[in-house]
Amino acid sequence: MNRILFSGRFGTRVLLGLIALGAALLLSACSDDSSGTATPFSLGGGSQIIGFTPTPTASTGRAPPVDTPTEQPTTSPDVTPATTTPRSPGLQVFLQSGCVACHTIAGVEGAIGQIGPELTNVASQAGSRVPGLSAEQYLRQSVLEPASFVVDGFAPLMTPGLVAEGPDLDALIEYLLTLQ
């Protein structure tokens, strides 16, 4: 029955809608907003999460520096926590674009999502994911066309265009390539 209900273009939209609703409810429950009013947060590409309040940005349009916790979250024995540069433009793009809602990077506050693959050591794995693509090419394709290659165990849920071609994408890719 699930195959019939969630098959085809309409079924995919229904499934994505249900997942988005679930994520919005989860984020709403975890929100620090005590006013009781839901605030829409744009993910780009026309997508929004209601009830999620992103980290406020400074007047320069950049996210505030990320504090590295004194105790690194444990993920798995073979994962080395990423070192983050608090003022890295790529990290700021990662934070501001809402990537933290779905992806985990050890040592990055708030980046504890489990909907998408963990990115703590993505640079060391990216070059071997798709034959013929370098790590940089793979990461760029993964952001611009996320359904073109989906990591085993994850659904193709990422919206294309969350970070558009240009300086922000270049900064994001440069940052992700540091995650060894």
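Observations, loosely collected:
- Ligands, DNA and RNA are left out, and with a 1.4 angstrom probe the accessible area of the stretch 96-158 is 48 Å² per residue.
- Spin-label zone in the stretch 145-180 - amide nitrogen under 11 Å from a point set 7 Å from the Cα of Ser124 along the C-beta vector: 179-180
- Largest-first ordering by accessible area, 1.4 Å probe, given options Ser142, Ser128, Ser134: Ser128, Ser134, Ser142
- Ellipsoid equivalent to the stretch 100-150 - semi-axes via the Cα gyration tensor, in Å: 21, 12, 8
- Placing Glu118, Glu109 in order of accessible area, with the largest value first and a 1.4 Å probe, yields Glu109, Glu118.
- Glu165 - accessible surface, heavy atoms, 1.4 Å probe, Å² rounded to 10: 120
The values are calculated or read from the model by the stated rules, or taken from the named source; none is laboratory data. Keep in mind that this is a model prediction, so the values were computed, not measured. A quick note on method: Cβ atoms are made from the backbone with ideal geometry, for glycine too, and the neighbour counts reach across all protein chains shown. Surface accessibility is based on the protein's heavy atoms, side chains included, excluding ligands, DNA and RNA. Shrake-Rupley method; radii C 1.70, N 1.55, O 1.52, S 1.80 Å.
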